[in-house]
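The values are calculated or read from the model by the stated rules, or taken from the named source; none is laboratory data. Just so it is clear, the structure is predicted and the values come from calculations on it, not from any experiment. In this analysis, Cβ positions are derived from the backbone assuming ideal geometry, glycine residues included, and neighbour counts consider all displayed protein chains. Surface areas here come from the heavy atoms of the whole protein model, side chains and all, with no ligands, DNA or RNA. Shrake-Rupley method; radii C 1.70, N 1.55, O 1.52, S 1.80 Å.
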Amino acid sequence: MKRLFFLSVSSVLLILFLVGCGGSATTSGGSTPTPGGGMTMPGTQRVEITENEFTITSSVSTFTAGVPYHFMVKNAGQTTHEFMIMPKDEGSMGHMSMDHMDGMALAETGDINPGETKTVEYTFPDSTKATHPQFVCYLQGHYDAGMKLNVNVGQ
Ligand SMILES: [Cu+2]
């Protein structure tokens, strides 16, 4: 009697062990088909931009024409910022209207609140090869305070 009890307990443990293994194998198998989120189109390169008072940093500094880029712009500062890609260093443009700057920008996010992240998709066209675009924030005084970053588009 005692021996039978022992045998049944060990077989229950064995079954539990097997079920446990099967369960975890199924879980890991089910999670593998979605690496990296799958929200962006194939071939898209992620670029992480961080804005602060008063800096812009980018995880990529040399871009390739024809490659779709997914810019994730985080405002890590305490005040509102924006992110614009200008075709080249245009200076502070303090004399220019915001509408005119918007028209010149290759891409932009609009205002980004503190702690917020905005995304923008942009592919540098072939016409931008061997140019030096500039990432900027043109909110009042921010450019002159340092919110500009020169980048390159390769040949
Ligand atoms: Cu700013």
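Among the residues of the stretch 46-63, is any of a type in the set (G, A, S), touching a residue at least 24 places away in the same chain (Cβ under 8 Å) and within 16 Å of the ligand (Cβ to nearest atom)?
Step one: list which residues in the stretch 46-63 are of a type in the set (G, A, S), which gives 58-59, 61.
After this cut, where a residue has to be touching a residue at least 24 places away in the same chain (Cβ under 8 Å) as well, the list is 58, 61.
Those still in the list that are within 16 Å of the ligand (Cβ to nearest atom) too: 58.
The answer is yes, given that some residue of the stretch 46-63 is of a type in the set (G, A, S), touching a residue at least 24 places away in the same chain (Cβ under 8 Å) and within 16 Å of the ligand (Cβ to nearest atom).
So, T80, is that one closer than 26 Å to G43 by Cα and in contact with a strand residue (DSSP E or B) (Cβ under 7 Å, 6 or more places away or on another chain) or not? Give the steps one after another, and end with the answer.
Values: closer than 26 Å to G43 by Cα: no; in contact with a strand residue (DSSP E or B) (Cβ under 7 Å, 6 or more places away or on another chain): yes.
So T80 does not fit the description; no.
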Residue by residue through the stretch 114-138, note down the ones that are surrounded by fewer than 20 Cβ atoms within 10 Å (Cβ to Cβ), touching a residue at least 60 places away in the same chain (Cβ under 8 Å) and within 10 Å of F83 (Cα to Cα).
none
Residues D111, D102, D89: which one is without any contact (Cβ under 8 Å) to a residue 60 or more places away in the chain and open to solvent by 70 Å² or more (accessible area, probe 1.4 Å)?
D111
Report those strands (runs of 3 or more DSSP E) wholly inside the stretch 65-155 carrying at least 2 residues which are within 14 Å of the ligand (Cβ to nearest atom).
68-75, 81-86, 107-112, 134-136, 148-150
